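Enquirer: First, the structure itself, so that you have it in front of you.
The values are calculated or read from the model by the stated rules, or taken from the named source; none is laboratory data. Just so it is clear, the model here is predicted, and its values are computed rather than measured. Here the Cβ positions follow ideal geometry from the backbone for every residue, glycine too, while neighbour counts run over all protein chains shown.
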């Protein structure tokens with residue numbers, strides 16, 4: 001349950017929410033907002049010495065958190081440095097002549 005406690009709300013697209021203390025259940029979870037740039041800040045690696053965790057149990061630095069950040073960025077349509085999902089860019093250039101010919105057949 002703890003590793004899946006990253007919460008994203010599309011109404012506040014620049015932040016994510018994570019637990020402050022160990023949650024007993026999803027109903028009793030106390031969360032705080034953090035900038036989306038802080039999610040998976042260290043690419044899923046342990047925190048450097050001397051750095052304080054943003055969330056309880058470093059849930060913002062797990063593999064799940066990194067996958068969740070990628071999913072959020074794709075959903076928001078931001079460049080994530082990977083291939084876009086299929087169908088996101090249907091850029092077939094038919095040219096004006098072929099497009100007119102196809103239009104006549106449809």
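Enquirer: Please verify whether residue 43 is in a loop (DSSP other than H, G, I, E, B), in contact with a helix residue (DSSP H, G or I) (Cβ under 8 Å, 6 or more places away or on another chain) and either at pLDDT 80 or above or over 13 Å from residue 5 (Cβ atoms) (or both), treating the condition exactly as stated. Even if it seems obvious, please write down each step before you answer.
Expert: Values: in a loop (DSSP other than H, G, I, E, B): yes; in contact with a helix residue (DSSP H, G or I) (Cβ under 8 Å, 6 or more places away or on another chain): yes; either at pLDDT 80 or above or over 13 Å from residue 5 (Cβ atoms) (or both): yes.
Yes; evaluated as a whole, the condition is true for this residue.
Enquirer: Sort out which residues of region 66-77 are more than 12 Å from residue 13 (Cα to Cα) and in contact (Cβ under 8 Å) with a residue 60 or more places away in the chain, and write them in order of number.
Expert: Answer for region 66-77, where residues must be more than 12 Å from residue 13 (Cα to Cα) and in contact (Cβ under 8 Å) with a residue 60 or more places away in the chain: just 68.
Enquirer: Could you tell me how many of the residues in region 1-29 are touching a strand residue (DSSP E or B) at 6+ places or on another chain (Cβ under 9 Å) and either in contact (Cβ under 8 Å) with a residue 60 or more places away in the chain or loosely packed, with under 11 Cβ neighbours inside 10 Å (or both)?
Expert: The qualifying residues number 4.
Enquirer: Can you find, within region 46-66, the residue that is modelled with the lowest pLDDT among those that are loosely packed, with under 13 Cβ neighbours inside 10 Å and farther than 20 Å from residue 21 by Cβ? Full working, then the answer.
Expert: Just the residues of region 46-66 that are loosely packed, with under 13 Cβ neighbours inside 10 Å, to begin with: 46, 48-53, 63.
Keeping just the survivors that are farther than 20 Å from residue 21 by Cβ gives 46, 48-50, 63.
Numbers: 46: 84, 48: 87, 49: 90, 50: 88, 63: 90.
Selected residue: 46.
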